[in-house]
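Single-structure report; data block below.
The values are calculated or read from the model by the stated rules, or taken from the named source; none is laboratory data. Being a predicted model, the structure only gives us computed values, none of them experimental. We place every Cβ from the backbone using ideal geometry, glycine too, and count neighbours over all the protein chains shown.
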Amino acid sequence: MAVDSFPAKARKISANIGAHYVDNARKLPWRSPPGSNLPDPYHVWLSEVMLQQTTVGAVKSYFEKFTRRWPTVQDLAGAEEADVMAAWAGLGYYARARNLRKCAVHVTEKRNGIFPQKESELLQLPGVGAYTAAAIAAIAFGERAVVVDANIERLVARLFAIDTPLPKGKAEIRAAMDAITPRHGAGDFAQACMDIGATICTSKNPKCEICPVQKQCAAFKAGDMERYPVKPPKKAKPVRRARFFWIEQQDRILLATRPPKGMLGGMRSLPDDGWAAGNDGHATPPLTGEWRVHDNIVQHSFTHFSLEVDLAVYQGEKIVTNNDDNIWWALDDLAEAGLPTLYAKAVKWKMKEEK
Ligand code: SF4
């Protein structure tokens, strides 16, 4: 369906969504109320990076923790990378945390701590992709940028019954969003669309009865809302195997620091068999001795594969480590180690097994 041929429909959608936002905007810690002053670009940038692949509910406490500890982009630029990674632990997709600090350093050192205002300039910042640049330009600086996240993608695909499967359909969806984005207030409009996508036009059981654009919605008219956006056929995820090593001595366990590059780079973790570097780990323990192996204690899903984890346990006296990247950590303080979710799941399993 060519959106250009429906300018009146586009105008109506735009007006209805804008009016709905005035009374129904979600109150989020990084937002300004509809129609008020533009929010702090540091807050918008931080929240948008955190929200990639992550729900609003999960992000709120992290956003508050980060802005309490590092109130400005300069404060974040001055933080130790290990502290930023540990504070990020549990949010997933850890490359975002590394890029976050890199971007903070760039803005502080190369731009006097001031974020650029234009979408095209924002795109040049480390870790800022097309979506994030558009969102910051529109929300923090009022530029008329076209913002399309997953919630907006679903809403717009349904409004215009765009049936080209993703990812090819993205260009049509973007063109449709372009057609309905108003000249002024693009930031509020984008956030209004995000809210409707998240709370009304949900992927399952959309609440069409309270939707402000029900009358303009092609998918609703056809009674086929959940068909959109049309997804490509699902490929089965390959399954890979890993082994983690639990090395315990006098109420402490040995933690490793992962190499700076690669999956979960720079994070603290249990020592493991190098699963991230190869297809599967080699399962060779780092110490000779008697190991108790527990098979398949954790299953974890990454974007492109699933991981099944075994845990090998060694509890002994006088264990020597000469690896500078290893550290003995008190069992009672493990919650503060900032382990990524995958390793935290293994720790949880072990603690439960001991009870
Ligand atoms: Fe989504 Fe239903 Fe509204 Fe259409 S009418 S936009 S399907 S909530």
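Only residues that are closer than 21 Å to Gly90 by Cβ and assigned to a strand (DSSP E or B) were counted across region 287-307, and they come to 7. Listed conditions (1) more than 16 Å from the ligand (Cβ to nearest atom); (2) more than 23 Å from the chain's Cα centre (by Cα) are all met by Cys208, apart from (1). Does Pro271 satisfy the condition of being in contact (Cβ under 8 Å) with a residue 24 or more places away in the chain and away from the ligand (no atom under 16 Å from the Cβ)? For Pro271, the condition - in contact (Cβ under 8 Å) with a residue 24 or more places away in the chain and away from the ligand (no atom under 16 Å from the Cβ) - is met. Which of the residues spanning region 209-224 are more than 22 Å from Val56 (Cβ to Cβ) and either of a type in the set (A, V, I, L, M) or not in a loop (DSSP other than H, G, I, E, B) (or both)? Answer for region 209-224, where residues must be more than 22 Å from Val56 (Cβ to Cβ) and either of a type in the set (A, V, I, L, M) or not in a loop (DSSP other than H, G, I, E, B) (or both): Glu209, Gln214, Lys215, Gln216, Ala218, Ala219, Phe220, Lys221, Ala222.
Checking the structure you have, find out if any residue of region 188-197 is more than 30 Å from Tyr42 (Cα to Cα) and hydrophobic (A, V, I, L, M, F, W, C). So that I can check it myself, show each step before the final result.
Keep residues of region 188-197 that are more than 30 Å from Tyr42 (Cα to Cα), which gives none.
No; the residues of region 188-197 include none that is more than 30 Å from Tyr42 (Cα to Cα) and hydrophobic (A, V, I, L, M, F, W, C).
Here Gly187 qualifies as away from the ligand (no atom under 16 Å from the Cβ), touching a helix residue (DSSP H, G or I) at 6+ places or on another chain (Cβ under 6 Å) and in a helix (DSSP H, G or I). Just one of the listed residues (Thr199, Thr164) is within 16 Å of the ligand (Cβ to nearest atom) and at pLDDT 95 or above, namely Thr199. When the residues of region 225-247 are filtered to those that are at pLDDT 95 or above and in a loop (DSSP other than H, G, I, E, B), the one that is farthest from the ligand (Cβ to nearest atom) is Val230.
Being assigned by TED's automatic domain parsing to the domain that holds Glu336 and either of a type in the set (Lys, Arg) or modelled with pLDDT of 90 or more (or both): is that true of Leu254 here? So Leu254 passes the test. Give, as residue ranges, the helices (runs of 4 or more DSSP H) completely inside region 1-114 that count at least 3 residues that are within 25 Å of Ile196 (Cβ to Cβ). Fully inside region 1-114 and qualifying: 7-24, 41-51, 56-69.
Pairs are defined by a Cβ separation below 8 Å, a sequence spacing of at least 6 or placement on different chains, a first member in region 221-241 that is in contact (Cβ under 8 Å) with a residue 60 or more places away in the chain, and a second member that is of a type in the set (S, T, N, Q); the pairs so defined are Val230/Thr164; Lys237/Ser301; Lys237/Ser306; Pro238/Ser306; Val239/Ser306; Arg240/Asn279; Arg240/Ser306.
When Ala176, Ala135 are checked against the criterion of being within 16 Å of the ligand (Cβ to nearest atom), buried (at least 16 other Cβ atoms within 10 Å of the Cβ) and of a type in the set (Gly, Ala, Ser), Ala176 stands alone in meeting it.
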